[in-house]
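Written below as structure tokens is the structure these notes are about.
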Amino acid sequence: MNETSPVDARYRLDPDWTWLATPAGVVLDGGALTFVRGMAPAEVFRTFDLDPDSARVMTAAQALADPVLSTAGFFEGPQWIRVAESGEWAVVVEYIQQKTHVDGIAGDLARNTDVVFIAANEDDPAVVSYLSHGDLVFTFTCGGGYDSRGGTHPHLFDDEMIDSGLIDFASDATIADSSIALMAILGRHLGFTVTPETVTGPLPTAYRRYRYAPLRPGGELR
């Protein structure tokens, strides 16, 4: 993180989130983190169309070295996730892939609860979105030189974003600093966090080889 960053140090150096800019953070290497309020890990796996009974407890290092999981690409299978618990939140950890985002699974997770996800692709800006009970409440592209606020309440976090320097679009804030600051803001508002030790430690891990295609309530495929 740049000590001359235009993002205020109170936000970009938040002790609960600076680890996002380390290898444990997974997001800035093309992965994703998704926080789901009040959902049991088994239900999270089912929402991703994964069999919770197939999950194996593995550390991040074991999963990344696994002969099956290590063959995954951004689009290619196997599709796999790890699921942690932090307070009242389940935390979905995706390496390389971002199916929460690109397959729209966040919307399925958020039908009856709150969901926050952050996803990025290497040097591309990170997308942070907050969904609640079927609505996209807020979304923002961290590190973009433009106003990307959207959702049903795009100005919900304006006071803190202005205070932190996140919506000074003439600035050269890095993706990392912006991501840490915005997750600090949402984490404080919604009451979620997770430690890097939890993310990298032993977690139930499951995969599938086919694309995500859950049934609609009426029974037909999407």
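The values are calculated or read from the model by the stated rules, or taken from the named source; none is laboratory data. Just so we're clear, the structure is a prediction, and the values are computed from it rather than from any experiment. Cβ placement follows ideal geometry from the backbone for every residue including glycine, while neighbour counts extend to all protein chains displayed. Calculation scope for accessible area: heavy atoms of the full protein, side chains included, ligands and nucleic acids excluded. Shrake-Rupley method; radii C 1.70, N 1.55, O 1.52, S 1.80 Å.
Just want to confirm a number: the relative contact order over the chain, from Cα pairs under 8 angstrom separated by 6+ residues, in percent.
Relative CO of the chain lands at 32 percent.
Alpha carbons only, please: Rg and Dmax for region 137-211, in angstrom.
15.6, 45
At 1.4 Å probe size, put 159, 147 in order of accessible surface, largest to smallest.
Reading off the accessible areas and sorting them downward yields 159, 147.
Taking only the Cα atoms of region 30-83, how large is their convex hull per residue, in Å³?
97 Å³
Could you give the angle, 0 to 90 degrees to the nearest 10, between helix 175-190's Cα long axis and the longest principal axis of the Cα atoms of the chain?
Relative to the chain, helix 175-190 is tipped by roughly 80 degrees.
Considering the chain, what Rg and Dmax in Å follow from its alpha-carbon atoms?
Looking at the chain, its Cα Rg and Dmax stand at 16.9, 54 Å.
For residue 126, which sequence-distant residues (separation of 5 or more, or a different chain) have an amide H within less than 5 Å of its own amide H, given hydrogens modelled in the peptide plane?
Hits under the 5 Å cutoff: 142.
Identify the GluC sites (Glu not before Pro) of region 44-120 meeting these criteria: DSSP loop state and at most 14 other C-beta atoms within 10 Å of the C-beta.
Those satisfying the criteria are 76, 88.
When only Cα pairs under 8 Å and 6 or more residues apart are kept, what is the percent relative contact order across region 59-189?
Relative contact order comes out at 13 percent.
Stokes-Einstein diffusion coefficient for region 27-157 at 37 °C in a medium of 0.692 mPa s, Rh from the Kirkwood formula over Cα pairs: what value in µm²/s?
216 µm²/s
What's the Kirkwood radius of region 1-41 in Å, using all Cα pairs?
Evaluated on region 1-41, it is 12.1 Å.
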